[in-house]
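Engineer: This structure is in structure tokens; I'll ask about it shortly.
The values are calculated or read from the model by the stated rules, or taken from the named source; none is laboratory data. Nothing here was measured: the structure is a model prediction, and the numbers come from that model. A quick note on method: Cβ atoms are made from the backbone with ideal geometry, for glycine too, and the neighbour counts reach across all protein chains shown.
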Amino acid sequence: MPTLTIDNQKITVPEGKTVLEAAEELGIQVPHFCYHKELGAVGACRMCAVTVQEGSSKGLKMSCLIPAEDGMVVTTDDEQSTTFRDRVGEWLMLNHPHDCPVCDEGGECQLQEMTIASGHGVRRYAGQKRTYNNQDLGPFVAQEMNRCIQCYRCVRTYQDYCGGRDFGVMGSRNRVFFGRFQDGTLESDFSGNIVDVCPTGVLTDKTYRFKSRYWDLQEAPSVCPHCSLGCATIPGGRFHELQRVRSGENQLVNGFFICDRGRFGSGYVNHPERPRQARNNEQLIGMDEALRQLDVEARGLIEQHGPEAVLLLGSERTSLEANWLLQQWAKKLGCREPVLAAHGPRHQAAQVVAFDLSDRLASLEQVRGSDLVLVAGADPLAEAPMLAVALRQVVRSGGQVIVYDPRPVELPCEFDHQALSPLALLDFLTAGGSDGQHVRELLQHAESPILVGGADLLGVEGLQRLKKMSLELSNDQRPCLIYPLLSNPNSFGAALLSLPEQDDLLTRLETGRVKMLVCLESDPLLEAPESDRFSVALTKLDKLVVLDYLPTPLSVHANLFIPTRTPVESDGTFINNEGRLRSYAGVLEPGLPISVAEDGGHPPREFSTVSPGSDPLSASRILQILLKDDSSLVELHQQMVADFPRLAGLTGLTPSDAGVRVADAAARNVVNIDLPEQPVGTLQLIVSPARYGSDLLSRYSDKLEPRFSSAWVMMNSQDAAERGLQEGDKVILDTETGSFCLPMICHPQLAAGCALVENSAALASLVPGAGISYCEVSREVSHE
Amino acid sequence: MHIWRDLRGTVQPFWITLRNMLRKPVTVQYPEQKQQLSPRYRARLILSRDPDGNERCVACHLCSAACPVDCISMQAVEAEDGRRYAAWFRINFTRCIFCGLCTEACPTLAIQVTGDFELAGRDPLKLVYEKEDLLVDHCGHNSEYNFYRQAGIGVAAPRGTNSTESEPVDVKDLLP
Amino acid sequence: MSDPLLTLVLILAKLGVIFGVILTLAAYLVLAERKLLARMQLRYGPNRVGLFGLMQPLADLIKLLTKEDFLPARADKWLFLLAPGISAVTALLTFAVIPFGPPLELFGKTVPLVVIDLNVGVLYFLAFSSLAVYGIALGGWASNSKYALLGSIRGLSQLISYELSMGLAIVPVVMMARSFSLTEIVMAQEKIPYILLNPVAFMIFLISILAESKRIPFDLPEAENELVAGFHTEYSGMRFGLFFVGEYINLIILGSMVTVLFLGGWHGPWLPGVIWFSVKVLAICGFFIWVRGSMPRLRYDQLMHFGWKVLLPISLLNVLVTGAILLGMG
Ligand code: SF4
Ligand code: SF4
Ligand code: SF4
Ligand code: SF4
Ligand code: FES
């Protein structure tokens, strides 16, 4: 560990750290552009100059490039370095268009900051400025190339780190250009990150164009609610409007970056149809009145018809606190325990993760550091996009990624793919075939192997087999950890709180004893399979109560509707797929955005103490009111920890923390599940989430609309040929849920004997994770 | 102890005030006589136009950031030609202290002070000025500056045609 | 007319005259102060209402009477309403014992030009000037505002501190006149006013009453630039007016006390006594205004330091020395 002196202060840093990083640790800010913690240094900008007074090579050096040496003496504020940085600042500004007032980066621009830090102030160069023509990079990223300082951060992020291929650097001498070969939408699912890394205003968020200045934004550390990974985000809002989301930093989870779904999927908060007022059937009522009615009616029904009369439904996208409070409310009402997730099979799979796998879960950081990752039954880009980027880091550092999945999986890196049908995949996990043996051998010899498993496709059975595999592959030197993918931001939390082996929603509804159903931020019509069974069950209810912040179809049917707050408007906690408690802080108060309320005009000219649409309360607040409980979040957490000792990590957890793992659980008995026999001539139906618009929040996000896919059914080219079908044909897909008329596409890499559809707004009734089922595909009979 | 100094310090002011009392007052009898205000007098603010007659303000929020009493608010939007301008722009003159910091912050010379200080009224809302009330039809103190002709992003003139710029480069050209 | 009735009528008449004169005087003192301050600062001062602004006090009165009477939320209602009254009434009542002219012969009766010639007039004065503290203390407390509270606390401690040296400055006068009656004190100065006999007591008294009247340089209880308006921050309309008027009545009273105790009261050559008395009082008031135009405000610690460590020892010493001299002279 070298010890060096920087500006007369001594510091010891680990081997391999650069002088720039050492200085940063001392609190000395050396101006820099191209160095980035995650991307490292390339020495492109020459801004970080310091003078080495003592060391193996003396003189003016780029601090981001020289490693710290023992006994080194470095000065950052000597004449030579400061003049040099001043000149660099001046030359980086030579071609700058001087348009900060109309640049969205202004206020959070490193070029502004570093130019000030470098000391450059007055332009002396009288020559012409170089200019570029801009490109249209699609709906997410705006480009203004004249502002570029050639730090290469964008390319290093887009290509090197995230594995995008359609954005790069071109040109020569002082004409280098950062963009695509031609105008067009950026293809990568991580394109938004170049907005965060670009230290200037070349690449800015198009969806946030001219909306606010950084200093006017309300921001707070939050958690991405769009998949189960729980990446750190920093949403920013103003005038009651959520205007943008940028990535937060969490080394244990996402590192520095997030995916486009997390970044641009925030439109649900400002959805134009978002219900913001409580309703009794058609009639708008106040919040107090709505809560009073709910309380009185629930108690009345239980008195009259017993504990079965009221059924409370929690959710995998509502906070841990709200789910727990829902259980407390059930106790107080004297009704049966709540169901915490509408989607029964998914919930059961999540319970396997939350209980049986809890002692062998890997973090995303461990995935990035692994040398061999087996991905079984998961499509990272669709189910957990940042995992795909993590897998790329595995490959970049010399590791290997092997994917066993029926779908034609794409990853932003090199990997081996075997297309196995879901049933074959289960066999593979129990070492079936030479393939299984071979992969096991590879994993046996790996230093830090990780098994990634998608809960949707593997189901309870598959996850249990994965666990067995992991146990077999672990040895004294190292464990073989599992990285499971769940479906919702708080799937783990809901599973952890629920009783194992409780009846699922439909079973209980169909008994007919339930008079009132209270859905807390959950819409079984969209989020659970068998929506038609559910629709029928709904008709048996006397009263349907919905508490939600989305304009879901169920909320339209509700007899009593109560608006709640989105995660960016409330404080709460999620548990991510690897059992990490991740808490988030509210950014905004709910309310109708001024831009909507005033239709782009100025704010109202009357004074009022309430703003329109400010009724919604957070789900946990509503439940606290129903429980007549006034405890603070900290007190609530204490009670939760007392109730569920596994949640001990909640104590002292803040939204800016990286998050704490829940305690391990004792393993439960393994239940063997009989797999349904495949009828002859059928195909295995695979319902996969679409990359965009499958999770409800992004489905209600207008910014993502350009990325929504249409509905189709995909078949292996051979299967299609056998049935005499061709790409583009309209076909009938016959499933247990119903028949669908869809265009057919062929893909050679889809596992044989399978039909693949994507769950999205265009095909909402087929929900992933429902277990193994079979379907028929036939040509549409024309009615001519 | 500086007895002499302290004594003098106590007595001298009495002498000064006594002398003042006998001097001729300099008060201007305001409503009848108007004072000649300095051209830099800081009172009601305006939003001026550039020499081409376009709105100067680009809704950059710098004035609102500089304002010590937070009385400026606005929303920026983009016009067809890429011009950034204020969809609405509000100054609450009941709060404004006429410090002029906003005008110093303004990079486009849009917001300017005028000598109109007679703002008193009985209805506070009348002092909340919207963009229509603020926008004038002249250039104010400066009749030359046009931000978009300096900033090289191709709004007032095509890209690369401002006086200080060269033609956009051909990025596919590999000639040295 | 029967004697008691006549006495009553005379007392009432005197009261009426005094009320009228004092209130008018207070009002015009305000005007004078504003005018004089303005001239010291090279402005005109109020000059719009009437000739030279002479109707300004009337305009002020109308303004004060028509302004909203405001009661702060969570203020102590009754105390809040009472305090300005206490302030104005105690000031007015003090005048009862002040002899403002030589006794008159009227209807064959000697009418003393004082409302009641108490033989303990000095004590009466001291008692009432202590009562005036309540106006400030209660007003500031009842307002439920931090500025008002701070102001009234300052006022309390300042008034109590300076009352001490004020009382001690009167003791030599009483010793010299051998009477507590103010009329007799004036009589005793027929030849030489006490200002010449005991200038130290005069100086101490003058400084102490500046502090008593809460005027610059001792206006800490209402220091505008620190406490908004101090103890009367929350008052508006005529309630504020009462505080305001009380302050100026107090000014007249204190001027009268200086005149009575040190300047020989109504004594003076050629002119009638009442005129002499008024001239002397107005001169003192003018001096107060002049002080206000010329001096800065003390800091709180300076105020306390000066009161307890300078003024009090000197006044004690003065009592001793005067006593010794009087003893020596037999
Ligand atoms: S576009 Fe931005 S990130 Fe890329 S080189 Fe230019 S300044 Fe750097
Ligand atoms: S990977 Fe998942 S949690 Fe992370 S940003 Fe993307 S959608 Fe959000
Ligand atoms: S003059 Fe001062 S207070 Fe008024 S708007 Fe400008 S910055 Fe704000
Ligand atoms: S600083 Fe000038 S250009 Fe910017 S918003 Fe204010 S008035 Fe407009
Ligand atoms: S940060 Fe070192 S050269 Fe850019």
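Engineer: From the list A:V52, A:V30, A:V74, exactly one residue is farther than 28 Å from B:V169 by Cβ, away from ligand 4 (no atom under 16 Å from the Cβ) and in contact with a Cys (Cβ under 6 Å, 6 or more places away or on another chain). Which is it?
Structural biologist: A:V30
Engineer: Looking at C:L311, C:L298, C:L303 in this structure, which one is within 14 Å of chain B (Cβ to nearest Cβ) and surrounded by 16 or more Cβ atoms within 10 Å (Cβ to Cβ)?
Structural biologist: C:L298
Engineer: Do you know which of the residues in segment B:149-163 that are buried (at least 17 other Cβ atoms within 10 Å of the Cβ) and closer than 19 Å to A:G127 by Cα is farthest from the other protein chains (Cβ to nearest Cβ)? Give the steps one after another, and end with the answer.
Structural biologist: Initial filter on segment B:149-163 (buried (at least 17 other Cβ atoms within 10 Å of the Cβ)): B:149, B:151-156, B:159-160, B:162.
Next cut, closer than 19 Å to A:G127 by Cα only: B:149, B:151-154, B:159-160, B:162.
On the way: B:R149: 11, B:A151: 3, B:G152: 3, B:I153: 5, B:G154: 8, B:R159: 5, B:G160: 4, B:N162: 8 Å.
Looking at the filtered set, the residue picked out is B:R149.
Engineer: OK, next. Given the structure, is A:E606 away from ligand 5 (no atom under 16 Å from the Cβ), more than 22 Å from the chain's Cα centre (by Cα) and within 14 Å of chain B (Cβ to nearest Cβ)?
Structural biologist: For A:E606, the condition - away from ligand 5 (no atom under 16 Å from the Cβ), more than 22 Å from the chain's Cα centre (by Cα) and within 14 Å of chain B (Cβ to nearest Cβ) - is met.
Engineer: Would you list the strands (runs of 3 or more DSSP E) that sit entirely within segment A:96-181 and hold 2 or more residues that are within 16 Å of ligand 5 (Cβ to nearest atom)?
Structural biologist: Strands (runs of 3 or more DSSP E) meeting the threshold: none at all.
Engineer: Please go through segment B:58-71 and give me each residue that is buried (at least 22 other Cβ atoms within 10 Å of the Cβ) and either more than 10 Å from chain A (Cβ to nearest Cβ) or more than 21 Å from B:I97 (Cβ to Cβ) (or both), ordered by number.
Structural biologist: B:V58, B:A59, B:C60, B:C63, listed by residue number.
Engineer: Taking the residues in segment B:18-50 that are among the charged types (D, E, K, R) and either part of a loop (DSSP other than H, G, I, E, B) or touching a Ser or Thr at 6+ places or on another chain (Cβ under 9 Å) (or both) as candidates, determine which candidate is nearest to the other protein chains (Cβ to nearest Cβ).
Structural biologist: Among those residues, the one meeting the criterion is B:R23.
Engineer: Scan segment A:160-203 for residues that are farther than 22 Å from A:E414 by Cα and among the hydroxyl-bearing types (S, T, Y) and report the count.
Structural biologist: The qualifying residues number 3.
Engineer: Restricting attention to segment C:49-74, which residues are surrounded by 13 or more Cβ atoms within 10 Å (Cβ to Cβ) and either β-branched (V, I, T) or more than 21 Å from C:F243 (Cβ to Cβ) (or both)?
Structural biologist: Once the filter is applied, which keeps residues that are surrounded by 13 or more Cβ atoms within 10 Å (Cβ to Cβ) and either β-branched (V, I, T) or more than 21 Å from C:F243 (Cβ to Cβ) (or both), segment C:49-74 yields C:V49, C:G50, C:F52, C:G53, C:L54, C:M55.
Engineer: Inspect segment C:132-142 for any residue being among the β-branched types (V, I, T), surrounded by 17 or more Cβ atoms within 10 Å (Cβ to Cβ) and closer than 24 Å to C:L320 by Cα and give the result as yes or no.
Structural biologist: no
Engineer: Condition first: under 23 Å from the mean Cα position of the chain (by Cα) and outside any loop (DSSP other than H, G, I, E, B). Now tell me which residues in segment A:760-775 satisfy that.
Structural biologist: A:S760, A:L763
Engineer: Here's something else I'd like to know. If B:R5 satisfies all but one of (1) on the phi > 0 side of the Ramachandran plot; (2) more than 9 Å from every other protein chain (Cβ to nearest Cβ), what's the number of the condition it fails?
Structural biologist: (1)
Engineer: It is to be established whether one or more residues within segment A:30-47 are over 20 Å from A:R156 (Cβ atoms) and either in contact (Cβ under 8 Å) with a residue 40 or more places away in the chain or within 16 Å of ligand 3 (Cβ to nearest atom) (or both).
Structural biologist: no
Engineer: Another question, if that's okay. Enumerate the helices (runs of 4 or more DSSP H) found wholly within segment A:343-451, keeping only those where 1 or more residues are more than 22 Å from the chain's Cα centre (by Cα), of a type outside the set (G, A, S) and within 28 Å of A:F256 (Cα to Cα).
Structural biologist: In segment A:343-451, A:385-396 are the helices (runs of 4 or more DSSP H) which contain 1 or more residues that are more than 22 Å from the chain's Cα centre (by Cα), of a type outside the set (G, A, S) and within 28 Å of A:F256 (Cα to Cα).
Engineer: For segment B:78-95, indicate whether the set of residues that are more than 7 Å from chain A (Cβ to nearest Cβ), farther than 27 Å from A:G107 by Cα, more than 16 Å from ligand 2 (Cβ to nearest atom) and out of contact with any Ser or Thr (no Cβ under 8 Å at 6 or more places or on another chain) is non-empty.
Structural biologist: Yes.
Engineer: Something else about it: Restricting attention to segment B:88-107, and to residues there that are within 12 Å of ligand 4 (Cβ to nearest atom) and more than 12 Å from B:D70 (Cβ to Cβ), which single residue is surrounded by the most Cβ atoms within 10 Å (Cβ to Cβ)?
Structural biologist: B:F89
Engineer: I'd like the residue in segment B:143-157 that is within 14 Å of ligand 4 (Cβ to nearest atom) and touching a helix residue (DSSP H, G or I) at 6+ places or on another chain (Cβ under 9 Å) and, out of all such residues, is nearest to A:H98 (Cα to Cα).
Structural biologist: B:A151
Engineer: Oh, and also: Any idea which of A:D205, A:D189 is within 16 Å of ligand 1 (Cβ to nearest atom) and crowded, with 20+ Cβ neighbours inside 10 Å?
Structural biologist: One residue alone meets the criteria, A:D205.
Engineer: What residue, among those in segment A:286-298 that are more than 35 Å from the chain's Cα centre (by Cα) and free of Cβ contacts under 8 Å to residues at least 12 places away in the same chain, is farthest from A:R565 (Cα to Cα)?
Structural biologist: A:V296
Engineer: Out of curiosity, is A:F574 more than 30 Å from A:L647 (Cβ to Cβ) and at pLDDT 95 or above?
Structural biologist: In short, no.
Engineer: Identify the single condition in (1) in contact (Cβ under 8 Å) with a residue 24 or more places away in the chain; (2) away from ligand 4 (no atom under 16 Å from the Cβ); (3) acidic (D, E) that B:D123 does not satisfy, given that it satisfies every other one.
Structural biologist: (1)
Engineer: Please identify the pairs in which a residue from segment B:51-64 that is in a loop (DSSP other than H, G, I, E, B) has its Cβ atom under 6 Å from the Cβ atom of a residue that is within 16 Å of ligand 3 (Cβ to nearest atom) and of a type in the set (S, T, Y), counting only partners at least 6 apart or on another chain.
Structural biologist: B:R56/B:S48; B:R56/B:T108; B:V58/B:T108
Engineer: Return the total of residues in segment A:452-491 being buried (at least 24 other Cβ atoms within 10 Å of the Cβ), in contact (Cβ under 8 Å) with a residue 60 or more places away in the chain, in a helix (DSSP H, G or I) and out of contact with any Asp or Glu (no Cβ under 8 Å at 6 or more places or on another chain).
Structural biologist: Total satisfying the criteria: 5.
Engineer: Which one of A:R147, A:R173 is of a type outside the set (V, I, T), in contact with a Pro (Cβ under 8 Å, 6 or more places away or on another chain), within 11 Å of chain B (Cβ to nearest Cβ) and free of Cβ contacts under 8 Å to residues at least 24 places away in the same chain?
Structural biologist: Of the residues listed, the single one that is of a type outside the set (V, I, T), in contact with a Pro (Cβ under 8 Å, 6 or more places away or on another chain), within 11 Å of chain B (Cβ to nearest Cβ) and free of Cβ contacts under 8 Å to residues at least 24 places away in the same chain is A:R173.
Engineer: Can I ask one more? Out of (1) within 23 Å of A:Q348 (Cβ to Cβ); (2) crowded, with 24+ Cβ neighbours inside 10 Å; (3) of a type in the set (D, E), the odd one out for A:E530 is which?
Structural biologist: (2)
Engineer: How many of the residues making up segment A:638-662 are under 25 Å from the mean Cα position of the chain (by Cα) and free of Cβ contacts under 8 Å to residues at least 40 places away in the same chain?
Structural biologist: Of the residues in segment A:638-662, 3 are under 25 Å from the mean Cα position of the chain (by Cα) and free of Cβ contacts under 8 Å to residues at least 40 places away in the same chain.
Engineer: How many of the residues in segment C:125-175 are under 21 Å from C:L263 (Cα atoms) and over 14 Å from the mean Cα position of the chain (by Cα)?
Structural biologist: Count: 10.
Engineer: Out of the strands (runs of 3 or more DSSP E) lying entirely within segment A:186-281, which hold 1 or more residues that are more than 14 Å from every other protein chain (Cβ to nearest Cβ), under 25 Å from A:L653 (Cα atoms) and more than 16 Å from ligand 5 (Cβ to nearest atom)?
Structural biologist: A:232-238, A:241-247
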